[in-house]
Amino acid sequence: MTLILLIGLFGVGLVILFKNPIIDKFEKNQKVNMLKSTMWFQNHWLAGIFLFVMNAVLFFSTCLVLYVLMYFIIPFVHILVMFFAVIGSIILWIVINKAWQGTKRNRWKMGTIGSSFYMFLTIIFVYWFVTIKPSYPGEDTFMRAIGLFFAIIVTTVAFITCLVITGLSKRKVAH
């Protein structure tokens, strides 16, 4: 599991490092044009709330799929689900990056509002990690602690990646 986490962190690091060429691939995307043409999306508060809600929808729908997959004995499918969830989130963040039109300061506000969903999750997971108590006397809480530790790492990386892609990426102005 640690190897998969490290590979995932390396992959997300590569996406952040090469974000501008990846973002440029979405120049003529239908979703970008649809969001770009809506007036409410150009307000940084509404766009940030939209990003927050979309992050929540993607996160909880992935959790639901993983929960349903617990009842089937199919090995490694959960890893594919998590992989596609990460790819879907990055695509969403790139679409929002390309559709947003506004100042750098408002882009930062929009990205901070939207990515704060993952910061809230990180805070919740840290609280659960710090307050772990056994359900019954003699229960070993080590595996629960490892799961929460991985959840803290994943949500922190998602927060940073979402903020970097949506809030800090400079868009090239076409001349």
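Assorted remarks:
- Some residue of region 90-100 being part of a loop (DSSP other than H, G, I, E, B) and of a type outside the set (Lys, Arg): yes
- Annotation: residue 140 fulfils all but one of (1) in a helix (DSSP H, G or I); (2) open to solvent by 80 Å² or more (accessible area, probe 1.4 Å); (3) not basic (Lys, Arg); the unmet one is (1).
- Screening region 83-134 for residues that are touching a Lys or Arg at 6+ places or on another chain (Cβ under 7 Å) and surrounded by fewer than 18 Cβ atoms within 10 Å (Cβ to Cβ) and picking the one that is farthest from residue 22 (Cα to Cα) gives 132.
- Filtered residues of region 12-50 (kept if open to solvent by less than 50 Å² (accessible area, probe 1.4 Å), touching a residue at least 60 places away in the same chain (Cβ under 8 Å) and not in a loop (DSSP other than H, G, I, E, B)): 12, 15, 16, 19, 23, 32, 35, 42, 44, 47, 48
- Number of the exception - residue 71 against (1) outside any helix (DSSP H, G or I); (2) touching a helix residue (DSSP H, G or I) at 6+ places or on another chain (Cβ under 8 Å): (2)
The values are calculated or read from the model by the stated rules, or taken from the named source; none is laboratory data. What you are looking at is a predicted structure, and each value in this text was computed from that prediction instead of being measured. Positions of Cβ are backbone-derived with ideal geometry, glycine not excepted, and every protein chain shown enters the neighbour counts. Heads up: the accessible areas ignore ligands, DNA and RNA and are worked out on the full protein's heavy atoms, side chains in. Shrake-Rupley method; radii C 1.70, N 1.55, O 1.52, S 1.80 Å.
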